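The values are calculated or read from the model by the stated rules, or taken from the named source; none is laboratory data. All figures in this text were calculated on a predicted structure; none of them were measured in a lab. Glycine also receives a Cβ, built like all others from the backbone with ideal geometry; neighbour counts cover every protein chain displayed.
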Amino acid sequence: MKSNYHAIFCAMATCCLCVGIWGCDTASTATDPSQQQRLSAASPPKQSVPLPPPERIDAPAPPQPVKHKLPAIHFELIARQIMGAWRKAWEDRDPNAILSLYSPHCDITKGVVRNGSTIYYKLSPEAYRSKLSYLFRQRYDQIRIDIEDIQIVTDREMLISARFLQRFTGFRAGRIQYSDYGVKLFDIHFDGERWLIHKESWTEYSEIPDDLMSGKF
């Protein structure tokens, strides 16, 4: 029995001695400067990889007019239909119906005659909505628009230009509050689903009849 204990003790001592020698070897390798230099020389230095530049995201461009080949008579009918709907929406004092005829990126130039001078200004579609709301709620309870001398030009692919003389009269409680007479221009494009007004401008007519300025017409 004692011999068995003696054999076990010797085996354990031998294992501990081996572990101790191996640990010393490892420690000496890790702390030996020359060994570290050799290891550093053997492995190539790490190079930093430059990060790619951030991707540039541009703002979406306004949709371009879609080519839509039709006979010339169709373009004239389209222009007259839009002009008729535009006139009716104004006389109905319906801002939603008016704005439904315009592109969201429409370029709008308006004009107003005050004390014999004409003031021109641009409106975004949002500002246009606010302007219409003000006119219909506070300025006019009745509007009349007369259209004459219609001229329609088209390239028969993507653009219709409609030019006409517009006579505008705004009433309040049966009395004329404002009137003007000028040249209206619509540029109408097909946006892929429907024809819409992409540009509107108004210029005072250079020869305004006296009876128009007095409101007697």
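Within the range 139-160, the set of residues being modelled with pLDDT under 95 and in contact with a Lys or Arg (Cβ under 9 Å, 6 or more places away or on another chain) comprises Glu148, Asp149, Ile150, Gln151, Ile152, Val153, Arg156, Glu157, Met158. Of the residues making up the range 167-186, one or more are surrounded by fewer than 13 Cβ atoms within 10 Å (Cβ to Cβ), free of Cβ contacts under 8 Å to residues at least 40 places away in the same chain, among the aliphatic types (A, V, I, L, M) and outside any strand (DSSP E or B). Just wondering, is there one or more residues in the range 61-74 that are at pLDDT below 65 and either of a type in the set (Asp, Glu) or over 26 Å from Lys184 (Cβ atoms) (or both)? The answer is yes, given that some residue of the range 61-74 is at pLDDT below 65 and either of a type in the set (Asp, Glu) or over 26 Å from Lys184 (Cβ atoms) (or both). Checked against (1) of a type in the set (Ser, Thr, Tyr); (2) closer than 24 Å to Asp92 by Cβ; (3) surrounded by 18 or more Cβ atoms within 10 Å (Cβ to Cβ), Thr154 meets all criteria but (2). Among the residues of the range 93-135, those that are more than 20 Å from Trp195 (Cα to Cα) and assigned to a strand (DSSP E or B) comprise Lys110, Gly111, Val112, Val113, Arg114, Ser117, Thr118, Ile119, Tyr120, Tyr121, Lys122, Leu123.
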